[in-house]
Amino acid sequence: MESLNRMATDLVDEAIDFADELNVAVSPLSNEATVVDFGVQVPGGIEAGLLLAEIQTAGLTTVGTTLSEVDGAPLTHVELSTDHPALALLCGQKAGWEVSVDGFEGLGSGPARALVAEEEIFQRMGYRDDFDFAVLAVETDDVPDETVAEHVADLADVPESAVFLLPFSTASITGSVQMAARAAELATFRLTELGYDPLDVLSVSGTAPVAPVADDEETAIARTNDALAYGGQVHLVVDSDFDRFDEVPSSATEEYGTPFAEVFEAADWDFYEVPESVFAPAQVTVDVVGGPTSVHGDVNESLLAESFDL
């Protein structure tokens, strides 16, 4: 398998070449790092969100949209599938890098995480990327500057000129789309947290509705998480059976049925005080190769309709 960051860099080049068509903005920094704004000071869009999801997964996924209903309302849904779930979803797409430097706050996802490889999932998989460029998507309401690029370059051990930062606001079209693309990732990560070997997850397909764009970040964060926990559906093909598949969907948690706005409010919007188990899709089908196929959880369209203010 080629470097995740090399494959992602090719897709970043595509975003730069078609910036106007994607409604994104390219800004070279004084230290020669590059910022591609996917949805902070620009509107972004559906195509930008889909491309961002591809970049986050280093091109190891197929991402697209379909039109489906939520409580009778036609809404765009994102579909994502991959035959490389451990690499694409856990080493790439997962938002596992808390970027905090000189007043800038953001949540990083994408292949640059694999250059640092300090998260537990990389130790479990025995994987670390090695490449001359670093690609990091950053969920934030600010555009990162040279200080942020320097921070990423230091941790990723690449030159500052080799850093690509892709910021986006949750309260943007891009933000809603890339979040809807995370259903498969959440199911895969939840399964590994329960003790399943991530390398035994052979292929994953997921879908979730694109939450209506909110007018503030807190509402957007709550809505996009509701979209996954109450509307996300995932099909996993795995190599071996496991006695905890029923704990993968969001319905297995005590918080199930409570909108994320209330869950986050109860934790004073400190995400690290919220149990990781709540970040899960609504429904999963687990297909064991040569074994049983089981279905767990269900979608909750009425809660989604309330969250989306339909």
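The values are calculated or read from the model by the stated rules, or taken from the named source; none is laboratory data. Fair warning: this is a prediction, and the values are worked out from it, not measured in the lab. Using ideal geometry, Cβ is built from the backbone for each residue, glycine included, and neighbour counts are taken over all protein chains shown.
Annotation note: Cβ proximity below 6 Å between a residue of the range 166-188 that is among the charged types (D, E, K, R) and a residue that is crowded, with 24+ Cβ neighbours inside 10 Å (sequence gap 6+ or interchain) occurs for 185/89; 185/93.
For the range 121-157, filtering for residues that are of a type in the set (Val, Ile, Thr) and more than 26 Å from residue 85 (Cα to Cα) leaves 3.
Screening the range 222-276 for residues that are outside any helix (DSSP H, G or I) and of a type in the set (Ser, Thr, Tyr) and picking the one that is nearest to residue 89 (Cα to Cα) gives 240.
Being free of Cβ contacts under 8 Å to residues at least 60 places away in the same chain and either among the polar types (S, T, N, Q) or surrounded by fewer than 22 Cβ atoms within 10 Å (Cβ to Cβ) (or both) is a description that does not apply to residue 234. Taking the residues in the range 175-202 that are of a type in the set (Gly, Ala, Ser) and either out of contact with any helix residue (DSSP H, G or I) (no Cβ under 7 Å at 6 or more places or on another chain) or over 29 Å from residue 290 (Cβ atoms) (or both) as candidates, determine which candidate is surrounded by the fewest Cβ atoms within 10 Å (Cβ to Cβ). Selected residue: 195. Filtering the range 26-40 down to residues that are out of contact with any Phe, Trp or Tyr (no Cβ under 7 Å at 6 or more places or on another chain), closer than 15 Å to residue 168 by Cβ and aliphatic (A, V, I, L, M), which residue is surrounded by the fewest Cβ atoms within 10 Å (Cβ to Cβ)? Per the criteria, the residue is 26. For the condition surrounded by 19 or more Cβ atoms within 10 Å (Cβ to Cβ), under 21 Å from the mean Cα position of the chain (by Cα) and modelled with pLDDT under 95, residue 251 qualifies.
Is it true that some residue in the range 71-81 is buried (at least 22 other Cβ atoms within 10 Å of the Cβ) and in contact with a helix residue (DSSP H, G or I) (Cβ under 6 Å, 6 or more places away or on another chain)? For the range 71-81, residues buried (at least 22 other Cβ atoms within 10 Å of the Cβ) and in contact with a helix residue (DSSP H, G or I) (Cβ under 6 Å, 6 or more places away or on another chain): present. Got a number for residues in the range 41-52 being in contact (Cβ under 8 Å) with a residue 60 or more places away in the chain and surrounded by 24 or more Cβ atoms within 10 Å (Cβ to Cβ)? Summing the residues that are in contact (Cβ under 8 Å) with a residue 60 or more places away in the chain and surrounded by 24 or more Cβ atoms within 10 Å (Cβ to Cβ) in the range 41-52 gives 4.
When the range 122-138 is filtered for residues that are touching a strand residue (DSSP E or B) at 6+ places or on another chain (Cβ under 8 Å) and surrounded by 24 or more Cβ atoms within 10 Å (Cβ to Cβ), the ones remaining, listed by number, are 134, 135, 136, 137, 138. Before we move on, is residue 96 part of a strand (DSSP E or B) and modelled with pLDDT under 95? So residue 96 fits the description; yes.
Taken together, the criteria place residue 119 among residues that are in contact with a Gly (Cβ under 6 Å, 6 or more places away or on another chain), surrounded by fewer than 19 Cβ atoms within 10 Å (Cβ to Cβ), farther than 15 Å from residue 35 by Cα and of a type outside the set (Ser, Thr, Tyr). Scanning the range 91-105 for residues that are touching a Ser or Thr at 6+ places or on another chain (Cβ under 6 Å) and buried (at least 24 other Cβ atoms within 10 Å of the Cβ) gives 92, 93. Only one of the listed residues (212, 292, 281, 275) is buried (at least 20 other Cβ atoms within 10 Å of the Cβ) and of a type outside the set (A, V, I, L, M, F, W, C). That residue is 281. Residues of the range 277-289 that are in contact with a Phe, Trp or Tyr (Cβ under 9 Å, 6 or more places away or on another chain), at pLDDT 95 or above and not in a loop (DSSP other than H, G, I, E, B): 284, 286, 288.
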